[in-house]
1. Which of the residues belonging to the stretch 236-254 are in contact with a helix residue (DSSP H, G or I) (Cβ under 9 Å, 6 or more places away or on another chain), open to solvent by 10 Å² or more (accessible area, probe 1.4 Å) and not in a loop (DSSP other than H, G, I, E, B)?
2. Quick one: which of I390, I331, I309 is within 25 Å of A257 (Cα to Cα) and either open to solvent by 50 Å² or more (accessible area, probe 1.4 Å) or not assigned by TED's automatic domain parsing to the domain that holds L212 (or both)?
3. Can you tell me which residue is surrounded by the fewest Cβ atoms within 10 Å (Cβ to Cβ) among those in the stretch 162-187 that are within 16 Å of ligand 2 (Cβ to nearest atom) and in a loop (DSSP other than H, G, I, E, B)?
4. Taking the stretch 334-354 as the search range and keeping residues that are hydroxyl-bearing (S, T, Y) and open to solvent by less than 50 Å² (accessible area, probe 1.4 Å), which one is farthest from D286 (Cα to Cα)?
5. Would you tally the residues in the stretch 144-161 being in contact (Cβ under 8 Å) with a residue 60 or more places away in the chain and open to solvent by 20 Å² or more (accessible area, probe 1.4 Å)?
6. Does any residue in the stretch 218-244 that is within 12 Å of V278 (Cβ to Cβ) come within less than 7 Å, Cβ to Cβ, of a residue that is open to solvent by 40 Å² or more (accessible area, probe 1.4 Å) six or more places away or on a different chain, and which pairs are these?
7. Here are K31, K69: which of them is without any contact (Cβ under 8 Å) to a residue 12 or more places away in the chain and either assigned by TED's automatic domain parsing to the domain that holds V183 or open to solvent by 20 Å² or more (accessible area, probe 1.4 Å) (or both)?
8. For the subset of the stretch 1-19 comprising residues that are in contact with a Lys or Arg (Cβ under 8 Å, 6 or more places away or on another chain) and touching a residue at least 60 places away in the same chain (Cβ under 8 Å), which member is farthest from C150 (Cα to Cα)?
Amino acid sequence: MNYLIETMGCQMNVCDSTMLDSYLSTYGALKVNDISNADVVIINTCSVRSQAEQKAFSYIGRVEKFKQKNPNIRIVVVGCMAELIGLKIQERFNSVDLIVGSKNIDKITSKILHLFGLNNRLKSGEISQKLEIVKYMTIVRGCNNYCSYCIVPFVRGREESLDYRVILNKCSVMVKNGTKEIVLLGQNVNSYNYDYVNFTMLVKKIVMIENLRRIRFMTNHPKDLSDELINVIATEAKVCSHVHLPIQSASDKVLKAMNRNYSYEQYLGLINKLRKSVPDINITTDIIVGFPSETEMDFECTLNAVKSIKFDGLYVFKYSPRPNTKAATMIDNVSLKDKKTRHAIVLEESNKISTEIVSKMVGSTQEVLVEKVENGVIEARTRNCRKVFIKNANVDCLGEQLDVTIVEAKVNSLFGIVT
Ligand code: SAH
Ligand code: SF4
Ligand code: F3S
């Protein structure tokens with residue numbers, strides 16, 4: 001059985017898709033990139049903004065068209081949309097064979113096998129262990145924060161931290177299998193807590209694993225970024241100097257309406273602490289423009305924050321009302337035209353700043369870890385998580401730590417040569 005998997009949405013979905021890959025390969029299924037070689041197409045969907053849903057709908061539509069000429073192909077929709085609006089998907093696309101929500105991700109494999117009349121028994125001798133230098137691992141499921149605009153708590157459920165003993169065990173197995181870098185995931189990863197083990201304590205335990213080179217984590221909620229965690233980023237060599245710290249807005253009025261539980265001043269305090277303790281820190285963020293009742297003045301606050309904080313990178317989104325959320329009961333009174341304008345202004349400013357920051361890196365030497373080698377393209381990352389394409393290393397350098405000199409810089413990527 002050949003399968004194609006299209007993953008949309010956040011790192012949670014990436015992590016789920018990777019898990020699905022390993023389950024399916026255990027049963028002898030083969031991953032393909034070309035739909036004409038696929039027996040089944042799996043679409044892992046996201047509901048966070050209406051645009052994300054539109055993207056999934058149009059993708060499913062295209063696969064449905066393909067199925068009209070190739071009736072044997074199976075279509076499986078999984079992920080957050082499947083969880084939230086599975087019935088609607090079924091009504092709209094009657095060629096979809098199977099719909100499984102995020103909460104039942106572990107049942108997908110057996111359901112797919114069932115679709116093909118295969119049983120659940122392991123195919124002996126076909127267990128392939130592909131070397132993966134970077135592995136993602138969800139350690140906190142769900143979210144309790146109920147930011148007023150956000151659908152995630154309704155899709156992924158209440159926050160739940162995994163047992164740290166299970167996490168440590170999984171990490172050790174990954175490292176034994178060749179993984180060098182582990183990325184810990186949670187919608188609010190730094191609120192991890194299991195049996196009095198908090199996130200900082202967990203990170204301190206994971207760094208002890210021999211042969212593990214790097215740990216990264218995301219996403220951090222500003223209200224839970226503790227001094228002790230900042231200290232661990234500053235002092236533990238294996239912990240990468242990168243923090244994704246969504247600000248969303250810099251207007252206290254809007255932050256309150258978003259139910260974010262911090263003020264701009266508190267956010268700024270964290271940035272200052274991070275930069276003071278970790279000089280090479282890479283700080284990225286998320287911003288929403290056009291939240292209900294965001295005035296020009298509120299937007300100016302956010303824009304000024306972008307200019308003065310000088311984030312290394314950011315994602316900016318146009319507010320999109322989502323069902324069930326508190327913000328959906330507010331009037332979506334910023335016009336689409338204004339949302340688009342504000343979006344474009346933030347993006348332009350941020351690109352200018354990022355370009356300035358990366359161009360200063362040209363000529364510097366960086367220690368990188370080679371994460372991926374594919375079709376002669378060598379992808380590595382600096383200690384503060386910046387992507388570097390290496391121009392001259394030999395192709396069997398996967399998983400190696402190398403010193404490279406940066407020779408060229410673009411907004412989202414650097415180019416280097418091994419020195
Ligand atoms: N748990 C993370 C990220 C959640 S979703 C956090 O708390 O930061 C990723 C980003 O999507 C959010 O940070 C937010 O900027 C954006 N987002 C979420 N809901 C949205 C909505 N309804 N409209 C526009 N952007 C939204
Ligand atoms: Fe959504 Fe807020 Fe939870 Fe992030 S912290 S997933 S934005 S509710
Ligand atoms: Fe989207 Fe679900 Fe992630 S809604 S952002 S894929 S948790």
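1. H242, Q248, D252, K253
2. The conditions single out I331.
3. First, the residues of the stretch 162-187 that are within 16 Å of ligand 2 (Cβ to nearest atom): 184-187.
Pick out the ones that are also in a loop (DSSP other than H, G, I, E, B) and you get 186-187.
Values: G186: 27, Q187: 24.
The qualifying residue surrounded by the fewest Cβ atoms within 10 Å (Cβ to Cβ) is Q187.
4. Initially, the stretch 334-354 is screened for residues hydroxyl-bearing (S, T, Y), giving 335, 341, 350, 354.
Filter once more, keeping what is open to solvent by less than 50 Å² (accessible area, probe 1.4 Å): 350, 354.
Values: S350: 11, S354: 14 Å.
Checking each candidate, the answer is S354.
5. Within the stretch 144-161, the subset in contact (Cβ under 8 Å) with a residue 60 or more places away in the chain is 145-152, 154-156.
Then drop every residue that is not open to solvent by 20 Å² or more (accessible area, probe 1.4 Å), which leaves 145-146, 149-150, 152, 154, 156.
Summing the residues that are in contact (Cβ under 8 Å) with a residue 60 or more places away in the chain and open to solvent by 20 Å² or more (accessible area, probe 1.4 Å) in the stretch 144-161 gives 7.
6. I230/K273; I230/S277; N231/S277; V232/K204; A234/S277; C240/R383; S241/D280; S241/R383
7. When all the criteria are applied, what remains is K69.
8. Y3
The values are calculated or read from the model by the stated rules, or taken from the named source; none is laboratory data. Please read these numbers as outputs of a predicted model, since none were measured by experiment. Because the Cβ atoms are built from the backbone with ideal geometry, glycine has one as well, and the counts that use them run over all protein chains shown. Only protein heavy atoms, including side chains, enter the accessible area calculation; ligands, DNA and RNA are left aside. Shrake-Rupley method; radii C 1.70, N 1.55, O 1.52, S 1.80 Å.
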